[in-house]
Amino acid sequence: MEWANQLCENRQFGSKMTDSKYFTTTKKGEIFELKAELNSDKKEKKKEAVKKVIASMTVGKDVSALFPDVVNCMQTDNLELKKLVYLYLMNYAKSQPDMAIMAVNTFVKDCEDPNPLIRALAVRTMGCIRVDKITEYLCEPLRKCLKDEDPYVRKTAAVCVAKLHDINAQLVEDQGFLDTLKDLISDSNPMVTSGGQRSLLKKKLQVVANAVAALSEIAESHPNSNLLDLNPQSINKLLTALNECTEWGQIFILDCLANYTPRDDRESQSICERVTPRLSHANSAVVLSAVKVLMKFMEMLPKDLDYYGTLLKKLAPPLVTLLSAEPELQYVALRNINLIVQKRPEILKHEMKVFFVKYNDPIYVKLEKLDIMIRLASQANIAQVLAELKEYATEVDVDFVRKAVRAIGRCAIKVEQSAERCVSTLLDLIQTKVNYVVQEAIVVIKDIFRKYPNKYESVIATLCENLDSLDEPEARAAMIWIVGEYAERIDNADELLESFLEGFHDESTQVQLQLLTAIVKLFLKKPTETQELVQQVLSLATQDSDNPDLRDRGYIYWRLLSTDPVAAKEVVLAEKPLISEETDLIEPTLLEELICHIGTLASVYHKPPSAFVEGSRGVMHKRLPARTGSGEGTECPDVGNAAGGSAPESAPSIIPSQGDLLGDLLNLDLAPPTTTGPTPSTSGMQMGGMDLLGGGLDSLLGGDIGGSPAMGAGFGAAPAVMPTSLNAPVGGGLGDLFDLGGGVGMPMGAYIPPKTVWLPAMKAKGLEISGTFARRAGVIQMELVLTNKAMSVMTDFAIQFNRNSFGLAPAGPLQVLTPLGPNQTIEVSLPLSTVGPVMKMDPLNNLQVAVKNNIDVFYFSCQYPISMLFVEDGKMERQVFLATWKDIPNDNESQFQIQDCHLNSEAASNKLQGSNIFTIAKRTVEGQEMLYMSIKLSNGIWVLAELKVQAGNPNYTISLKCRAPEVSQCVFQCYEAVLKN
Amino acid sequence: MINSLFLINPSGEIFLEKHWKSVVSRSVCDYFLEAKEKALEPEDVPPVIHTPHHYLISIYRDKLFFLSVIQTEVPPLFVIEFLHRIAEMIQDYFGECSETVVKDHMVMVYELLEEMLDNGFPLATESNVLKEMIRPPTILRSVVNTLTGTSNVGDTLPTGQLSTIPWRRAGVRYTNNEAYFDVVEEIDAILDQSGTTVFAEIQGVVEACVKLSGMPDLTLSFMNPCLLDDVSFHPCVRYKLWESERVLSFIPPDGNFTLMTYHVNAQNLVAIPVYVKQSISFFECGSDGRLDVTVGPKQTMGKTVEGVMVTVHLPKTILSINLTATQGSYTYDNGTKLLVWDIGKLNPQKLPNLRGSLSLQAGAPKPEENPSLNIDLKIQQLAISGLKVNRLDMFGEKYKPFKGVKYITKAGKFQVRT
C-alpha cells in the first residue's frame, strides 16, 4: 500500500477531515491497534475504528480477523455505526459462519424496530449474509417483512427473497415465499382504487417492480418453475406498474413483458401503444428494452396496418439518439442496431449518416459503425458510403483501415452498379503502396473477380506489380488464385507462380493449396510450357509434405492428370458457383432468437444465450411470435414459456446447470453411436439441455437391452456400458481403412460403425453373432460374423427380419454354404432391400432379427445407423433447399451439440459427403461457418441441416429440419458418429 | 445483476472494491487489465469482456475505469447506465470525480454504493433521495459532526423514496424562489477538405436549476417544438401531455437536473457557425511539411463566436514544428503529437491564422494518414437549432418565482478532415 503511505505523508498538514486519515495505520501493528480501538469505551472512537476497518476492506485488505470485535459494536442506537457494522458483516460473514451467529439476535430485533428504515436495513443485510445457519433464522423476519405495512420494507423484502433463493432455493420453496412474491405482483388491484388511494397504489406499484425483478432472477436460474405466469391480467398490471415505477424497475418489467406472447394482433397493438412512450426515456436501457418489446410484438401486426407503419417510424429516432450517448452505450446500441438492421432494414435506411465514423471514436465503435454502414449500403447511398470508406482507408488505426478496405469490396459485391467505382477506388488505394492496404485490397479484388467474372481483369497487371510486397498468407493465396484463374491472360504466369514455388515449404497451408491448384490450372491451360512446373509442385505436395490435405489434393490431381486429362480439365476448370451477395448475415433462426434478446449480453455477442452464458439453464430458445389474426387461435404458443411449462417435472431440486452438465456428459460418453434414445417428441426437442438428459438416461437404461444383457448391467454400471462406445472410434477408423484398402470405388468411405456383439453365445446355444451395417456403392449390407462356440457343427442357417421403420428386409438368403464347425468363424455379407413391410419401431432404427440354424431359432435386436439409408442422390438444389427450409414449420426443428470435434468445416463436409450427407452451401458469419446440408432417406424423406462450426471451438451446433421430426435424433447420432470417426 | 464494482486508475491499480453479492476475487480484473494493455488508448478498452466465469462491463470516465462484474444475463446497458450514475453521484456529492476524491471519502462512497444497489438491484439512485439518506459533506457539517458526534447518515426513511414523485423531497423551503433553464446545444459535425458538410446534427439538452418551495407544478412551452426529432425526458415529465400538446409539464426535482435531451438531425437545418481553411502537406522528398490553418465565422446568426480552439493529432513521425499564430497561442506536446491552438474570440475583420513548417524525423516516409482537426467553440445566447422557450407557468403554489432562460451553443464532436 505504498500509495496509502505516500498519501498520508502528503496529507500530514492537509485536511484532517478526509477519509485518507484512515489509512495512516497501515503498518504492522495495525490489526492490534484497531482491535484496541474497537473495544474502546468511547462511542466516537469506536465509530472511527469501524470506519478504518471499512476503509481497509474497500481497498481489498483482509481485516476478517477483527470479526468478533466489530460484531460487538453492532448493538448501538447510532444508525451510522450500525450501517457500518452491517457493511462489514456482509463482506466477512461467510468466512466466519460461527461468529456470524452472534449477530442473529440483533437482526431479529431490528426487524421489529418501529423505524421502517431500520426494519428494511436489517432484512436487507440479513439476506446478504450467505451463511446457511443464518438463513434459518431469516425466514420468520422475512415473512413478516413481506407483509409489512410499509411498502419500503416490502420492496426490500422482495429482493431478499431472491437473495435467499440464491443461497437455498429449496428453503424458499418450502417456506412458500414464491407464492408470497407472486401475491406481491397483484399487490395493486386497480379495481378497488379510488381517488384517495391513488398515491398508495403508486407506492405499491414500486413493490411490484421489485417483485418482478426478483422473480425474473429466480426464474432465470430455474427454468422449470413457471414463476412468472404471464396472462392478460398480469400483463395489464405490469403495464400499469410500468408507468409508475423507477427507471430500473421499468427495465425489468419490459424484459418480463418481452417474454409474453399476445393472443392476437389487437392485444399486441395495445401493448405496443402502452410501451411506446418508454422510447422517450432518458435511460438508454429502458429505451432498448422497449425496442425489444416492440420489435417482438410488431411481428404479429399485419403489415398493411397503419399502426405498423407508425411504429416503424417511431423506432428510428430513439435508436439514432442512442448513438450520441457515451461510447460504451453506443457500442451496445450498435451491436443491437446491427441485428435490427438485418431484421427490419426499413427502420434505419435513411439514417446512414449517423453511422459515419468520427476520428476520435473508440476503435470498438468504429468497427461496429462500419459494419452497419455496409448493411445499409444500397444503390441510393452508395456514392456517399464509398467516399466515406475511402476516407477511412487513410486513417491511422490499422485494424480499422483493413476493415474499411474490405468494406469497399463488400460494397462492390452487394451493389452491382457500384462495382466499377469500387474497383477503381481499390486501385487508387493500391497505388498508395501502403503494405497492409495493398494486401487487403488484393483479397477483396479476388472476391470481386469471382462475383463479376470477365469484367475487371484489366486490372490484373496492376495487381501483379505488387506481388513482392505481399507477405500475409491470405493476400498471397488471393494473388495466386488470381494468377491461376487468369493464367491464359498473364504472359508470365508461369514465372510468377514459379517464384512462389521456391519457398513452398515455408508457406502456410492456405498458400500451398492455392499454389498447387493454380499451377494445375496453368498446366491445363498451357500444357506445353509448364509440364516441368506441374511435376515439381505435385512432387512437392505429395512427397515432401506432411500435410494430409495437401498430399490428398496432390494425389487427386496427379491421378486425374495421368488418367484422364480431359476429365481433369472438366473438374479443375469447372465453372464456379457464384458467391453470395450478402456476407456475414446472421442465420434467420438465430436472428429471430437474437431479436428476442435485444439489449442482453446475447445481443452483444450475437450468439444465443445458450452458447455462452455460464450454466445457461435448460436452453430455452426464444422465437418471434407468429402473425395471428384476432379471429384465429394462437398457433404458436410462447416457446419460452411453453418450454418452461412442459419441462419434465423430474427433479426440481437439481441445480439446472448441473443437470445440463450431466446431460452433456451422458450425451458425450454414454450414448454410443448405434444406440439411440427414445424417439424424440416434437415438443421435447426445444428443451435442449433437459432433453439431452432425458435422451441420455434412456439410452443408458434401455439402449443395450436387446444387444448384450451382460453389458446392460444397470444404471450404476456406467463403465460397463462404455465398451460399445469406446470401441466406436477405434473400430470406425479401422472400418474406414478397410474400406479404402478394399478399393471399393468410392471417393470417401462412408461411415461404418464397428462390429458389435448382437447375440452372445450363451444366449444362443453356442452361436455368437456380431456385425455391423454398411452402405457400399449404394447397396445396404448387413455384415455378420458368425462364430460357433458350441461343441457340435452348425448348419442350415437362415435369417428373417421383423417389420421395421424403414422396411428393411434381406434381399437374398443368408449365404452360409458350408457347415460351421466348432470354434470356426465365418463372415457373411447380406444385402438388404428397403421394400419390406413397414412398422414404426422404438427406437426408430431398431431392427429385430431372427436367425435359425439346425439347433434352434434365436432372436435378437440391433440398431442400424440411419446413415446407411442416406441415398446417393440426396443433394438438393439450393433454391429448393431454401424454400423447403422455410416451408418446414419451426416446431420441427431440433438443435443438437456435437462436442469435441476437431475437424475444420471443409474436412467435416468431405467426411459427411462420404456418408451421403451433402453440403449445399456454406457461409461465414462472425467467424462462424455455417454449412447447409441435405440428406435423403431411402423412403424419400428429406432432412435439412445447418451445421455451425467455429474456428477453435470443438463444439458444433447442428439444427435439423425435417417433415418427420422423429428421425432427427437418429440423424444427429449419425453426424456425431461420422464426424468423430 | 451487478455482483461487484472495482474502481481502477489509468495505471491499472484497483483502489476501491465493493461487492453486493458474494465477494469476487479481484484477480478477475486481470482479464480487464490484459485488455487494457492491448488497447492503444484507455478509451479503446472494449466495454464488455467475457471471462470464463464472469462478464466484465466497464466504462472509462473522468480518467477512471468503473468496472462491474456480473455473472448472469443482465442487460449491459443497464449496467453501463448504472456505472455512469455512480460517477455522477460522486461528482454530485464531492464536486468532482477523481481518484483523490474517492480516496478522501472512501467510507462515504462505500456507504453510498450500498444505498444505491441491493443484491445487485438499484435501490436509491435519485440524488434527492440519496442526500436524505447520506448527507453530502460540507466543511461546516464535518466540524459540527466532530464536535457533537452526530453523523452524515439520516435516520428516517426519505420521504422521496416512496412518495408519488420519488425524485422530489418533501418540505422544500426557499426564501428566494427561482427557476433557471439552460438550453445547451452541441453541434456534432464532420466537414470534408473542401468545407462541405458530410454529416451534422445537434444534440440539445435543457438543464434546469429549480429552487422552488413546496410542490410546484411547472409547464414549459416552446415556440417551435416541431424542430425536435427525438426527445428523452426526466421521469418527472408527463409524456402524454407532450404527445398531445407538445408542452413539458412536470413537478421538478429539487435543485439541478436534466429536464430533457433532444436531437435535431435534419442535415439542411444545421447551421455551421465557422469555416476552416486548412492545408497540411508534406513534400514528396525531403523531410518537411507545411501547415496552414485559418478559421472564420460562417453562419453565426449575428452572434460572436468565442472560445475557439483547434486540436490536431499530428502524425507520429513529426520531429518538431515551427508555427506562428496571428491570434491566440498554441501548445504542442511532442510526446503525444497533440497540437492545440487556443484562439479565443473570433474577429470577423481579422481572421486568425496559424502557419509554419513541420519537420519529420530523419528518414521517415511521408505520413500516410491525414490528421483531422477538432474544433471547439462557444456561442452565448444562441441555440443554433433556433429552438426558443415560449413561457414557463407555475401552478400549485401561490408565490411568484423568478424565472430565467439562457441559451448556449457549443461544438460537440466537430471535425474537419484534411
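Note on A:D428/A:V785: beta-carbon distance plugged into 1/(1 + (r/R0)^6) with R0 of 51 Å gives a FRET efficiency of 0.15. Only Lys, Arg, Asp and Glu carry charge here, each on its Cβ (+1 for the first two, -1 for the last two); on that basis segment A:491-592 has a dipole of about 540 debye about its Cα centre.
Relative to the longest principal axis of the Cα atoms of chain B, the long axis of helix B:139-148 lies at roughly 30 degrees. Close amide H pairs (under 5 Å, H built 1.01 Å from N) link A:L624 with no residue at least 5 positions away or on another chain. Between A:A951 and A:D842, full extension at 0.36 nm per residue minus the direct alpha carbon distance yields a gain of 35.6 nm. Its residues counted as N, segment A:44-167 yields a C-alpha radius of gyration over 2.2 N^0.38 Å of 1.02. Here the Karplus relation 6.51 cos²θ - 1.76 cosθ + 1.60, evaluated at θ = phi - 60°, turns the backbone of segment B:389-406 into coupling constants of 6, 8, 7, 10, 10, 10, 10, x, 10, 8, 5, 9, x, 8, 10, x, 10, 10 Hz, with x for every Gly and Pro.
Mean per-residue shielding of peptide A:949-955 is 0, counting Cβ atoms of other chains within 10 Å of each Cβ. Each Lys and Arg contributes +1 and each Asp and Glu -1, all at the Cβ; summed about the Cα centre of chain B, the dipole is approximately 1280 debye. For segment A:509-563, rounded, prolate or oblate, judged on the Cα gyration tensor with a ≥ b ≥ c (square roots of eigenvalues), a/c < 1.5 rounded, else prolate if a/b > b/c? Prolate, since a/c reaches 1.5 and a/b exceeds b/c.
Against the longest principal axis of chain B, how steep is helix B:29-38, in degrees 0 to 90 to the nearest 10, with axes from Cα atoms? That helix lies at roughly 20 degrees to the long axis.
The trypsin sites (Lys or Arg not before Pro) of segment A:92-181 that DSSP puts in a loop, and whose beta carbon has at most 15 other beta carbons within 10 Å, are A:K147. Taken residue by residue and averaged, Cβ atoms of other chains lying within 10 Å of the Cβ of A:312-324 number 4. Normalised by 2.2 N^0.38 Å, where N is the number of residues, the alpha-carbon radius of gyration of segment A:863-943 equals 1.14.
Take each residue in A:144-153, count the other chain C-beta atoms within 10 Å of its C-beta, and the mean is 1. With Cβ to Cβ distances under 12 Å as the rule, what net charge do the other residues near A:L573 carry (K, R +1; D, E -1)? So the environment of A:L573 carries a net charge of 0. Here the mean projected area of the convex hull built on the C-alpha positions of chain B is 25.5 nm². Please go through the residue pairs A:K313/B:K378; A:K296/A:K875; B:K21/B:K131; A:K525/A:K922 and name each one whose alpha carbons sit more than 27 Å apart in this structure. As for pairs spanning more than 27 Å Cα to Cα, those are A:K313/B:K378; A:K296/A:K875; A:K525/A:K922. This ranking places B:I384, B:I251 by how few other beta-carbon atoms lie within 10 Å of each, fewest first, which gives B:I251, B:I384. Remark: the A:H350-A:N39 segment gains 105.0 nm on full extension, using 0.36 nm per residue and subtracting the alpha carbon distance. Net charge in the neighbourhood of A:S324 (other residues with Cβ under 10 Å of its Cβ; Lys, Arg +1, Asp, Glu -1) is -4.
Of interest is the spacing of the C-alpha centroids, which for segment A:256-270 and segment A:799-840 amounts to 58 Å.
Here's the picture: charge each Lys and Arg Cβ at +1 and each Asp and Glu Cβ at -1 in segment A:888-966, and of A:N955, A:S909, A:I898 the one pushed furthest to the positive end of that dipole is A:S909. Dimensions of segment B:346-391 based on its C-alpha atoms, expressed as ranges along the principal axes with the largest first, amount to 65, 26, 10 Å. Couplings 3J(HN,Hα) for segment A:57-70, derived from phi with the Karplus relation 6.51 cos²θ - 1.76 cosθ + 1.60 (θ = phi - 60°), are 5, 5, 8, x, 8, 8, 10, 5, 4, 8, 3, x, 5, 5 Hz, where x marks Gly and Pro. Shown in residue order for segment A:774-789 are the 3J(HN,Hα) couplings computed by the Karplus curve 6.51 cos²θ - 1.76 cosθ + 1.60 at θ = phi - 60°: 8, 10, 10, 6, x, 10, 7, 10, 9, 9, 10, 10, 9, 10, 9, 9 Hz (x for Gly and Pro). Note on B:M301, A:M99, B:M108, A:M300: ascending count of other Cβ atoms within 10 Å places them as B:M301, A:M99, B:M108, A:M300, the fewest first. Note on A:M102 and A:K144: their simple-model spin labels are 2.4 nm apart, each label 7 Å out from Cα toward Cβ. To the nearest ten degrees, helix B:76-94 and the longest principal axis of the Cα atoms of chain B are 80 degrees apart. Residues B:S221, A:S905, ranked from the fewest to the most other C-beta atoms within 10 Å, line up as B:S221, A:S905.
No lab work stands behind these numbers, since they all come straight from the coordinates. This structure is a prediction, so every number in the text was calculated from the model and none was measured. Reconstructed Cβ throughout: ideal geometry from the backbone, glycine too, with neighbour counts over all protein chains shown.
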